[in-house]
Amino acid sequence: MKNIMYIIIGTLLFALAVTQLAMPNSIAEGGIVGMSLLIYYGIGISPSISTPIIFILLLGVGIRYLPRHMVYKTIFNVALFSVFIWIFEGLYARPMEDPLLAAIFAGAITGVGFGFIYQAGSSVGGTSIIARAFNQQLGWDLTGMTLVLDALVVIAGIFIIGPVSTMYTLITLYIGKVVTDFVLGGFDSKKALNVVSPYSEQISERITKELASSATVFDGRGEYMKEQRRVLYIVIHSHRLLRLKRVIKEVDPNAFIVVHNVKDVSGGTFSIGHEEVRS
């Protein structure tokens, strides 16, 4: 039930972004929705009609390469998207005076919508079907092939909506990806740190006492100095990163620190008031 609600909310937002921002301002998309929009701009056929037709054609080619649960969710998603497009197309939407604003907000709303859709394990991309078929048959990289196919759709837009609108489309796609990653990663993002220091025990002790956190310890060796070092791996909420670095520098001003963005943390315990990573 939760996944169905995510699909409905995500598809509703995506359809609103397409009908109220993209279509009035000649902005396209990637995947089968991008193909449908280019058909709409070229010959006037509504995306509510062309999207399911393109999807069915792609599904006929690559259905055997997709997990069944993904096929069912995507069929539901595409059908729902087409219905929403048909409904919202009737709403009056005028081109914005500044197409850049339309591109930015179309990307932001689309990104939130895709975040919900991906959380439910569904998709409306379509090109991933062909990419998966090439991956299975020829061993081509799945992610790279999906990117190439989406890029071909965008490039085709140059000949239909022109180079300026195509550049606005690229802005929309980029913002959409950033927002989607943000939604999937959660509003309370985490940071992972690798800390190399001869004072690793003192640092670990202070982290445990003052930040109620913990560290995984690895044994490492510096190739240049040929010295053994203990390497700390720490996961912490982003808003406490500066405090953690301050504690580390107080113990060892010369500590080597590498900070990584973390999209997902699972296992152990990780609460808001009491952060802890079990090792």
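What the table shows:
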read-out: Hey, Glu250 at pLDDT 85 or above and either surrounded by fewer than 16 Cβ atoms within 10 Å (Cβ to Cβ) or of a type in the set (Gly, Ala, Ser) (or both) or not; value: yes
read-out: Checking Ser266 against (1) at pLDDT below 80; (2) surrounded by 12 or more Cβ atoms within 10 Å (Cβ to Cβ), the condition it does not meet; value: (2)
read-out: Evaluation of Phe256 against (1) exposed (fewer than 15 other Cβ atoms within 10 Å of the Cβ); (2) modelled with pLDDT under 85 (one fails), failing number; value: (2)
read-out: In the stretch 30-53, residue farthest from the chain's Cα centre (by Cα) [restricted to those that are of a type in the set (A, V, I, L, M) and open to solvent by less than 20 Å² (accessible area, probe 1.4 Å)]; value: Leu38
read-out: Selected residue (only one of Thr216, Thr180 is within 23 Å of Lys245 (Cβ to Cβ) and of a type in the set (Ser, Thr, Tyr)); value: Thr216
read-out: Given (1) more than 30 Å from Ile7 (Cα to Cα); (2) open to solvent by 40 Å² or more (accessible area, probe 1.4 Å); (3) modelled with pLDDT under 80; (4) not β-branched (Val, Ile, Thr), index of the condition Ala215 fails; value: (2)
read-out: Residue in the stretch 82-113 that is nearest to the chain's Cα centre (by Cα), counting only those that are open to solvent by 40 Å² or more (accessible area, probe 1.4 Å) and of a type in the set (Phe, Trp, Tyr); value: Phe105
read-out: Looking only at the stretch 1-29, and only at residues there that are outside any helix (DSSP H, G or I) and either among the hydrophobic types (A, V, I, L, M, F, W, C) or free of Cβ contacts under 8 Å to residues at least 60 places away in the same chain (or both), the one that is most open to solvent (accessible area, probe 1.4 Å); value: Met1
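The values are calculated or read from the model by the stated rules, or taken from the named source; none is laboratory data. Model, not experiment: these values are computed from the prediction. Methodologically, a virtual Cβ is constructed for each residue, glycine included, from the backbone with ideal geometry; neighbour enumeration extends over all protein chains shown. Accessible surface is based on the protein model in full, side chains and every heavy atom, while ligands, DNA and RNA are left aside. Shrake-Rupley method; radii C 1.70, N 1.55, O 1.52, S 1.80 Å.
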